[in-house]
């Protein structure tokens, strides 16, 4: 548990520098753009690895069950995850989906968290998902405030349907791969196995 929490603190903490923009500005001024990005990436990678390892260890040791999710929650989670993958792909494709969602990567994180909370009730998954969900909500609010204050520019582009088609195609392909094999290979559990957690 402590290992995963430490990983979350590092990973989400460094990603929260966008929220704490005065601290980010001071760090950029002190270290410079290049070293700042390198340190940022290093801390993020260490945090992600600690989170993944800590999550696996906690579940292997037997994370206590907080609630028992309904069977329909697993089915709904499978559907929601398709939207999450498409939203994630749309973050890199200047189409109508990206324009509509505004910040599709944060949308993808929130959908991912909600989907897994619907399908899992163990303490490890609940802690992990609630942490990411809270961060995504707070970050979205902070982005809105920065945009209103003029400290962040709103991306302007002419949306293209071709970009939407690419986002849907890539999102769907990656989604199918995850449902078919990757989730089992990376997480150790198949999302389509009835009666098991995602």
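So the values come out like this:
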quantity	calculated
Options 84, 108; residue that is modelled with pLDDT of 95 or more, buried (at least 21 other Cβ atoms within 10 Å of the Cβ), in the same structural domain as residue 158 (by TED's automatic domain parsing) and under 16 Å from residue 166 (Cα atoms)	84
Top-ranked residue of the stretch 21-79 - restricted to ones that are more than 26 Å from residue 138 (Cα to Cα) and in contact with a strand residue (DSSP E or B) (Cβ under 8 Å, 6 or more places away or on another chain), ranked as surrounded by the fewest Cβ atoms within 10 Å (Cβ to Cβ)	64
Among the candidates 65, 50, 42, residue that is touching a helix residue (DSSP H, G or I) at 6+ places or on another chain (Cβ under 8 Å) and over 16 Å from residue 189 (Cβ atoms)	50
Exclusive hit being modelled with pLDDT under 85 and in a helix (DSSP H, G or I), set 27, 50	27
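Residue-wise test of (1) within 17 Å of residue 77 (Cα to Cα); (2) modelled with pLDDT of 95 or more; (3) surrounded by 14 or more Cβ atoms within 10 Å (Cβ to Cβ); (4) in contact with a strand residue (DSSP E or B) (Cβ under 8 Å, 6 or more places away or on another chain).
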{"residue": "102", "(1), (2), (3), (4)": "no, no, yes, no"}
{"residue": "115", "(1), (2), (3), (4)": "yes, yes, yes, no"}
{"residue": "153", "(1), (2), (3), (4)": "no, no, no, no"}
{"residue": "163", "(1), (2), (3), (4)": "no, yes, yes, no"}
{"residue": "174", "(1), (2), (3), (4)": "yes, yes, yes, no"}
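The values are calculated or read from the model by the stated rules, or taken from the named source; none is laboratory data. No experiment lies behind these values; they were computed from the predicted model shown. Methodologically, a virtual Cβ is constructed for each residue, glycine included, from the backbone with ideal geometry; neighbour enumeration extends over all protein chains shown.
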